[in-house]
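Single-structure report; data block below.
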Protein chains: 2
Amino acid sequence: MDAPPVTTRGRPRVAEPGEGIGLDELALATRNHGLPLEALRYDVTPPGLHYVLTHYDIPAVDPASWRLTVTGAVDRPLTLDLDALRARPSVTSRVLLECAGNGRARLEPRPVSQPWLLEAVGSAEWTGTPLAPVLAEAGLSPDAVDVAFTGADHGLERGVEQDYTRGLSLAEALREDALLVWAMNGQPLPPQHGAPLRLVVPGWYGMAHVKWLTRIDVLTEPFTGYQNVTSYRFKVDADDPGEPVTRIRPRALLAPPGWPDFMSRERFLRPGPVLLSGRAWSGRAPLTGVEVSCDGGTTWTAADLAPADPGNPYAWRAWTLPWTARPGSHILVVRAADAEGAQPTEQEWNRQGMANNLVQRVPVTVLD
Amino acid sequence: MDAPPVTTRGRPRVAEPGEGIGLDELALATRNHGLPLEALRYDVTPPGLHYVLTHYDIPAVDPASWRLTVTGAVDRPLTLDLDALRARPSVTSRVLLECAGNGRARLEPRPVSQPWLLEAVGSAEWTGTPLAPVLAEAGLSPDAVDVAFTGADHGLERGVEQDYTRGLSLAEALREDALLVWAMNGQPLPPQHGAPLRLVVPGWYGMAHVKWLTRIDVLTEPFTGYQNVTSYRFKVDADDPGEPVTRIRPRALLAPPGWPDFMSRERFLRPGPVLLSGRAWSGRAPLTGVEVSCDGGTTWTAADLAPADPGNPYAWRAWTLPWTARPGSHILVVRAADAEGAQPTEQEWNRQGMANNLVQRVPVTVLD
């Protein structure tokens, strides 16, 4: 598969110090949406509360005429319709998804792109069929190394016209938990989540879970398409090729207690006992704990973290911590750690604003 | 019912010329979401594509313990659970909803609040029971004038702590098409759309369709609560009491043709015939037509507007217009008119950024 020509047109911009969000960023923010943090309360996130990031337009796909082709370095190219996929063995798996750009708009200086704060996450139950047996049926060439997944969504990105395509290593594509899914939370996939079929690769940031999937290409050379080689890289400057963004870093989020002010989103609550609660996850390694600070990060207390669900190792996990709210201003901070380390308390900046898992800070005012 | 004390704390701000979107506006934009304009293609908008505006937090309501009370100037106060409501005659109605703040972020200068561009709309099928017979069963006092609807959503707005409450005139509350609804598109209401019960008052902007409804108060004096007297007013300056925002002004939207650039959302298409399409609506008077200009507003052509559905007079209506795209840059403009007038081509500014139905302009580049 040839890579599209990559140009530097529209190289991503970094905002000037103090520069407000632009109309381009706003146009993305009003189309795409995050999880309102109070929705951390639902084990499974309903559509409309689960985050959505669409690079181009949501394509109009007719499920009756839609086909998935499996092609490239295979012995027997396949063309599958939705009935053929649904007739295969099916699996339902609860998986945390997070956009690689989550936290971008909290970076200073701010990389100009989809301006997520903290909310580009969601937990859904995905139903589909394992990918590996489909690849096996097509007969993988012994020299296969990567698999490219193409969606029906079409657009332009930094001068490159493309159908959204992401490459995945053969090893990841052959994991038994990588799924081709047609249902979310027991219902047919909604248009914005990839109807009629999307890929789910548990543990990876959202860019890997290709939506509106139409084509699977088995490659004998590493994939060099835009979404792997140009975008989704940890770059410090524009000419740095950067390391690829892969699995989800650890994060804990707090459902902010009390009630908000409409405009400032400042939080208020009454004094007394409060059960602080939220969710935590990591896609790269098992979680080892969640800690909460109620004094802006000076002292930390271990939260009660729900046990991992062996059947759903990539689901988010609930945590709680009782707190006695006393009148005054407080800054609540929460951090998760996994076997590879804890969330940073200082930002780790990169030019595309990828994977910023800086700890969440929630200022609250406890009334007299 | 006593009005809460209205203070001027946090009087809404108007942005300085050229001032970017603030983090406060962004925090609202990432929580709430609009309809990506390509979703104008669906007659009925799925949850997650239908716009949502939540003033405070989405409340956690247990449907089993939830009750609706009907109280105030009635002979027989009622307490109804969900089963009692569902046992009543049910009606399904397709209704266009639009946020009163739609178009706010396109105003210059920009009122600082939820920064909608054009996308705060949606079309859903709402199932519920007519409100008027519930009020009749409670026995309206002969001196009733208004009805106040209170939701479970709690927060602070310009210094006023409140459960979201909107008043409606008795005449509007007694309309046979005003509904207490528990289902959206044939499914139980999603949390963000008001589960377990919301009000639907066809033709009115979104603020009237109170979500998470818990209480209906019949009043013998005009309602003077925050959401009617302070907010949702057409004000030119901060001390102007302003006229109330009521029914939806006419608007047509075009599903932008071609494909977008990810960041700029600029549109590109290939030359040749294109069927321009979109939707149009008005909540205040019957639509009389939709016109399209493909030259930035110099010349206009009548679009083919689908007939009104007599069973769903407040549904949106599809429109189409064939266009031959020739290479170059073009500005597509669309405007609807109803029996009271057409959409404005120059902005009509007001301080809260309410009901800005300025025509949509879509620049497109047709490739060679």
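Mind listing the long-range amide H neighbours of residue B:266? Cut-off is under 5 Å, sequence gap 5 or more, other chains count too, H placed in the peptide plane at 1.01 Å from N.
B:261
Select from A:86, A:249, A:11 the residue whose mean-square fluctuation is largest in a Gaussian network model of chain A (Cα-Cα springs shorter than 10 Å).
A:11
About its Cα centre, what dipole magnitude does segment B:251-366 give when the only charges are +1 on Lys and Arg Cβ and -1 on Asp and Glu Cβ, stated in debye to the nearest 20?
Details: 11 positive and 10 negative charges, 52 e Å.
With Lys and Arg at +1 and Asp and Glu at -1, about 240 debye.
How well do other chains shield peptide B:47-60, expressed as the mean number of their Cβ atoms within 10 Å of each residue Cβ?
Values: counts 6, 11, 9, 1, 2, 4, 0, 4, 3, 6, 12, 7, 2, 5.
If you average over the peptide's residues, the count of other-chain Cβ atoms is 5.
Given an 8 Å cut-off on Cα distances and at least 6 residues of separation, report the relative contact order of chain B as a percent. Present the calculation step by step, with values, prior to reporting the outcome.
Details: 913 pairs, mean separation 68.2, N = 368.
Relative contact order for chain B comes out at 19 percent.
Cross-link candidates for residue B:211: which lysines have Cα within less than 27 Å, leaving aside residues fewer than 8 places away along the same chain?
B:235
Shielding of A:32-39 by partners, i.e. mean partner chain Cβ atoms within 10 Å per residue?
Details: counts 5, 11, 6, 2, 10, 3, 8, 6.
Partner Cβ neighbours, averaged per residue: 6.
Rounded, prolate or oblate: pick one for segment A:167-220, where a ≥ b ≥ c are the square roots of the eigenvalues of its C-alpha gyration tensor, a/c under 1.5 means rounded, and failing that, prolate if a/b is larger than b/c, else oblate. Show your work: numbers first, answer last.
On the way: a/c = 2.14, a/b = 1.65, b/c = 1.29.
The shape class here is prolate.
Which value, in Å³ per residue, describes the convex hull spanned by the Cα atoms of chain B? Can you show the working numbers first?
Details: hull volume 51.8 nm³, N = 368.
Each residue corresponds to 141 Å³ of Cα convex hull volume.
Taking the Cα centre of chain A as origin and charging only Cβ (+1 Lys, Arg; -1 Asp, Glu), how large is the dipole, in debye to the nearest 20?
Values: 34 positive and 43 negative charges, 135 e Å.
Its charge dipole is roughly 640 debye.
Under 5 Å between amide H atoms, partner at least 5 residues away or on a different chain: which partners does residue B:249 have, H built in plane at 1.01 Å?
Residues meeting the amide H criterion: B:283.
At residue A:143 and residue A:331, where each label point lies 7 Å from the Cα along Cα→Cβ, what is the point-to-point distance in nanometres?
5.7 nm
Using R₀ = 41 Å, calculate the FRET efficiency as 1/(1 + (r/R₀)^6) where r is the Cβ-Cβ separation of residue B:295 and residue A:16; round to 0.05.
On the way: r = 36 Å, r/R0 = 0.88.
Calculated value: 0.70.
Whole angstrom only: what separates the Cα centroid of segment A:251-269 from the Cα centroid of segment A:270-288?
15 Å
With charges set only on the Cβ (+1 for Lys and Arg, -1 for Asp and Glu), what does the dipole of the protein assembly as shown come to about its Cα centre, in debye to the nearest 20?
Values: 68 positive and 86 negative charges, 26 e Å.
Roughly 120 debye for the protein assembly as shown.
Express in nm, to one decimal, how much length is gained between residue A:87 and residue A:288 on full extension, taking 0.36 nm for each residue of separation and deducting their alpha carbon distance. Walk me through the intermediate numbers first.
Working: separation 201, 0.36 × 201 = 72.36 nm, distance 3.92 nm.
In short, 68.4 nm is gained.
Which of A:184, A:354 has the fewest other C-beta atoms within 10 Å, and how do the rest follow up to the most? Numbers along the way, then the final one.
Values: A:184 25, A:354 28.
So the ranking, lowest neighbour count to highest, is A:184, A:354.
Can you give the FRET efficiency for residue A:175 and residue B:23, using 1/(1 + (r/R0)^6), R0 = 30 Å, r = Cβ-Cβ distance, to the nearest 0.05?
Values: r = 39 Å, r/R0 = 1.30.
That gives a FRET efficiency of 0.15.
Can you give me the Cα centroid spacing of segment A:313-361 and segment B:26-59 in angstrom?
27 Å
GNM, chain B, Cα, under 10 Å: largest mean-square fluctuation among B:278, B:103, B:22?
Residue with maximal mean-square fluctuation among B:278, B:103, B:22: B:22.
Sequence gap at least 6, Cα distance under 8 Å: using those rules, report the relative contact order of segment A:251-366 to the nearest whole percent. Present the calculation step by step, with values, prior to reporting the outcome.
Values: 253 pairs, mean separation 37.9, N = 116.
Reported as a whole number, the value is 33 percent.
May I ask you to evaluate 6.51 cos²θ - 1.76 cosθ + 1.60, the Karplus curve with θ = phi - 60°, for each residue of segment A:77-89 and list the ³J(HN,Hα) values in order in whole Hz, giving x for glycine and proline?
x, 10, 10, 10, 9, 5, 5, 5, 5, 5, 7, 7, x
I need the phi-derived Karplus couplings for segment A:348-355: 6.51 cos²θ - 1.76 cosθ + 1.60, θ = phi - 60°, integer Hz, Gly and Pro marked x.
Going residue by residue, I get 10, 6, 9, 5, 8, x, 9, 6 Hz, with x marking Gly and Pro.
Name the shape class, rounded, prolate or oblate, that the alpha-carbon gyration tensor gives for segment A:280-358, where a ≥ b ≥ c are the square roots of its eigenvalues, rounded holds for a/c under 1.5, and otherwise prolate holds if a/b is larger than b/c and oblate otherwise. Don't skip to the answer; put the middle values down first.
Details: a/c = 2.49, a/b = 1.19, b/c = 2.09.
Note, shape of segment A:280-358 comes out oblate.
Where Rh is the Kirkwood radius over the Cα pairs of the protein assembly as shown, the temperature 37 °C and the viscosity 0.692 mPa s, what D in µm²/s does Stokes-Einstein return? All intermediate terms of the calculation are to be shown ahead of the outcome.
Working: Rh = 27.0 Å.
Answer, rounded: 122 µm²/s.
Residues of segment B:319-333 with backbone nitrogen within less than 19 Å of a virtual label 7 Å along the Cα-to-Cβ line of residue B:108, please, listed as ranges.
Answer for segment B:319-333: B:331-333.
Short version: ³J(HN,Hα) in whole Hz for each residue of segment A:96-104, in order, from phi by Karplus 6.51 cos²θ - 1.76 cosθ + 1.60 (θ = phi - 60°), x for Gly and Pro, what are they?
Running phi through 6.51 cos²θ - 1.76 cosθ + 1.60 with θ = phi - 60° gives 7, 10, 9, 6, 4, x, 4, x, 4 Hz.
Relative to a virtual label point 7 Å from the Cα of residue B:221 in the Cα→beta-carbon direction, which members of segment B:120-153 show backbone nitrogen distances below 16 Å?
The answer is B:143-148, whose backbone nitrogens lie closer than 16 Å to the label point.
Hey, rough spin-label estimate for residue B:62 and residue B:236, points 7 angstrom out along Cα→Cβ, what's it come to in nanometres?
Distance between label points: 5.3 nm.
Averaged across the residues of A:117-130, what count of C-beta atoms belonging to other chains lies within 10 Å of each residue's C-beta? Please list the in-between numbers first.
Details: counts 6, 2, 3, 1, 0, 0, 0, 0, 0, 0, 0, 0, 0, 0.
Per residue, the number of nearby Cβ atoms from other chains is 1 on average.
Read-outs: derived from the displayed coordinates by stated rules, not from any lab. What you see is a predicted model, and the numbers here were worked out from it, not measured in a lab. Backbone-built Cβ (ideal geometry, glycine too); neighbour counts: all protein chains shown.
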